[in-house]
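K.L.:
Following this message is one structure expressed as structure tokens.
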Amino acid sequence: MSPGDVRSKLARLLAGRLGETAAASDVQARLRARGAAARAELPADLVLECAGSVLARCTVIDADSSHGTWRLAEALGADSRASALLTRDPALAGVDLEKALFLDTETSGLSGGAGTWVFLVGLGSFEASESGSSKFVVWQGFLAEPAAERALLAVVAEKIASAAAVVSFFGKSFDRHRLEDKMRLHGIAPPFAGRPHLDLYHPLRRLYRPRIGDGFDDARLRTLERELCGVVRHDDLPGALAPAAWFDFLHGRPHELEGVFRHNRDDVLSLVTLAAHLARTLVETRAGGGALEGPAAPRARALARAWLEARDPRESLAWFERARERSGGALPEPWERLSQRARRRVERASAP
């Protein structure tokens, strides 16, 4: 059996009796078959898109709206140098957050492959409103039944392919691979290859050094959004409960899907404000002139090391001196050794 035959067979098994290319009318018929009471169980404000084959919710938010203590608009015109420096990915140096797509998914489990369903995909992006001001649109595609999986993934692939870059949190290790696995099963070309992808988890973890003295206790999204962007979620449904909410919905039981949608939307908004925070780390001030949130000493040490790895010892040494001042005049090991390495490189470059 050829690889193409294998993919086709797996796709048919996933799609059930409706087949791989379930028609829009069939999907709608299946939804109607759930009855009036079942339709009332759907989260509010969902509409059928793409010839009636995909259920989605669109939430339009003014870019000047706040998420925590940050305005979404603070991501506009952001400096991408810190992203490239702290990820060691030159492709991120030219990323414009105004043209990026902010991605977060909810899945039925943590493993990959055919047994895991991506049942909610949150995609956020900045758009211009009719008045010329900026707005932020959160599109949430929902898998109301397994038979609609291919249609949902096709729309998601198209939206990602049209974006200049992708921003996620731990998405390079999780969200991207879950989506790619399922897209390949359905014969959909994954859109991620060759597209700049800023995974905020890695540079923010590097900046604030969890479990090391003056850094944060961990690098979870909830910790970083609270400490760096002032986001405090009230009555939030933990992501670990999202799969149960979806399975309850599929089986016609009372569910908490509305909480899943709200959790997913807030995750997307936190991606925006955390990306804005990351972009301000080289100047360490907010757009309005206030001090940047977060522990300043580990941030200075991380930037010093990053500049050293980028072969700019002068910039590295300057950041090490800031870190020394913020640590009471002394650097902990092994940071002191790195500081001396930067100093020696500066001295060699200055020697006649």
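The values are calculated or read from the model by the stated rules, or taken from the named source; none is laboratory data. Here the structure is a predicted model, which means the values were calculated and not measured. Methodologically, a virtual Cβ is constructed for each residue, glycine included, from the backbone with ideal geometry; neighbour enumeration extends over all protein chains shown. Areas reflect the complete protein model, heavy atoms only, side chains present, ligands, DNA and RNA absent. Shrake-Rupley method; radii C 1.70, N 1.55, O 1.52, S 1.80 Å.
K.L.:
Name the single residue that is least open to solvent (accessible area, probe 1.4 Å) among those in segment 156-210 being part of a helix (DSSP H, G or I) and of a type in the set (Phe, Trp, Tyr). Before the answer, list the steps.
P.N.:
Here is the first cut: in segment 156-210, the residues part of a helix (DSSP H, G or I) are 156-161, 175-185, 201-208.
Subsequent filtering for residues that are of a type in the set (Phe, Trp, Tyr) retains 201, 208.
Details: Tyr201: 51, Tyr208: 1 Å².
So, considering only residues that are part of a helix (DSSP H, G or I) and of a type in the set (Phe, Trp, Tyr), the one least open to solvent (accessible area, probe 1.4 Å) is Tyr208.
K.L.:
Give the residue that is surrounded by the most Cβ atoms within 10 Å (Cβ to Cβ), with candidates limited to residues of segment 285-301 that are in contact with a helix residue (DSSP H, G or I) (Cβ under 7 Å, 6 or more places away or on another chain) and farther than 27 Å from Asp104 by Cα.
P.N.:
My answer is Arg301.
K.L.:
A further question on this structure: Please go through segment 102-155 and give me each residue that is among the acidic types (Asp, Glu) and surrounded by 17 or more Cβ atoms within 10 Å (Cβ to Cβ), ordered by number. Talk me through it step by step, then tell me what you get.
P.N.:
Kept after step one, since they are among the acidic types (Asp, Glu), are these residues of segment 102-155: 104, 106, 127, 130, 145, 149.
Once the filter is applied, which keeps residues that are among the acidic types (Asp, Glu) and surrounded by 17 or more Cβ atoms within 10 Å (Cβ to Cβ), segment 102-155 yields Asp104, Glu106, Glu145, Glu149.
K.L.:
Run down Ala349, Ala240, Ala275 and say which single residue is of a type in the set (Gly, Ala, Ser) and open to solvent by less than 30 Å² (accessible area, probe 1.4 Å).
P.N.:
On the way: Ala349 fails: open to solvent by less than 30 Å² (accessible area, probe 1.4 Å); Ala240 fails: open to solvent by less than 30 Å² (accessible area, probe 1.4 Å).
Matching residue, one of Ala349, Ala240, Ala275: Ala275.
K.L.:
Name the residues in segment 218-249 that are in a loop (DSSP other than H, G, I, E, B) and of a type in the set (A, V, I, L, M, F, W, C), would you?
P.N.:
The answer is Ala219, Val231, Val232, Leu237.
K.L.:
Among the residues of segment 320-335, write down those that are open to solvent by less than 80 Å² (accessible area, probe 1.4 Å), at pLDDT 95 or above and out of contact with any helix residue (DSSP H, G or I) (no Cβ under 7 Å at 6 or more places or on another chain).
P.N.:
Glu321, Arg324
K.L.:
Residues of segment 211-226 being within 18 Å of the chain's Cα centre (by Cα) and surrounded by fewer than 16 Cβ atoms within 10 Å (Cβ to Cβ), which ones?
P.N.:
Once the filter is applied, which keeps residues that are within 18 Å of the chain's Cα centre (by Cα) and surrounded by fewer than 16 Cβ atoms within 10 Å (Cβ to Cβ), segment 211-226 yields Asp218, Arg220, Thr223.
K.L.:
Is it fair to say Arg262 is in contact (Cβ under 8 Å) with a residue 40 or more places away in the chain and basic (Lys, Arg)?
P.N.:
no
Conditions tested, residue by residue: (1) under 19 Å from Leu204 (Cα atoms); (2) of a type in the set (S, T, N, Q).
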| residue | (1), (2) |
| --- | --- |
| Asp64 | no, no |
| Leu72 | yes, no |
| Ala84 | yes, no |
| Ala93 | yes, no |
| Thr105 | no, yes |
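K.L.:
Does Gly77 count as surrounded by fewer than 23 Cβ atoms within 10 Å (Cβ to Cβ), more than 18 Å from the chain's Cα centre (by Cα) and either in a strand (DSSP E or B) or at positive phi (or both)?
P.N.:
Working: surrounded by fewer than 23 Cβ atoms within 10 Å (Cβ to Cβ): yes; more than 18 Å from the chain's Cα centre (by Cα): yes; either in a strand (DSSP E or B) or at positive phi (or both): yes.
It is true that Gly77 is surrounded by fewer than 23 Cβ atoms within 10 Å (Cβ to Cβ), more than 18 Å from the chain's Cα centre (by Cα) and either in a strand (DSSP E or B) or at positive phi (or both).
K.L.:
When you go through (1) of a type in the set (A, V, I, L, M); (2) out of contact with any Ser or Thr (no Cβ under 9 Å at 6 or more places or on another chain); (3) in contact (Cβ under 8 Å) with a residue 40 or more places away in the chain; (4) under 23 Å from Arg262 (Cα atoms) one by one for Leu185, which number turns out not to apply?
P.N.:
All conditions are met except number (4).
K.L.:
Any idea which of (1) within 24 Å of Leu204 (Cβ to Cβ); (2) surrounded by fewer than 21 Cβ atoms within 10 Å (Cβ to Cβ) is the one Gln340 doesn't satisfy?
P.N.:
It is condition (1) that Gln340 fails.
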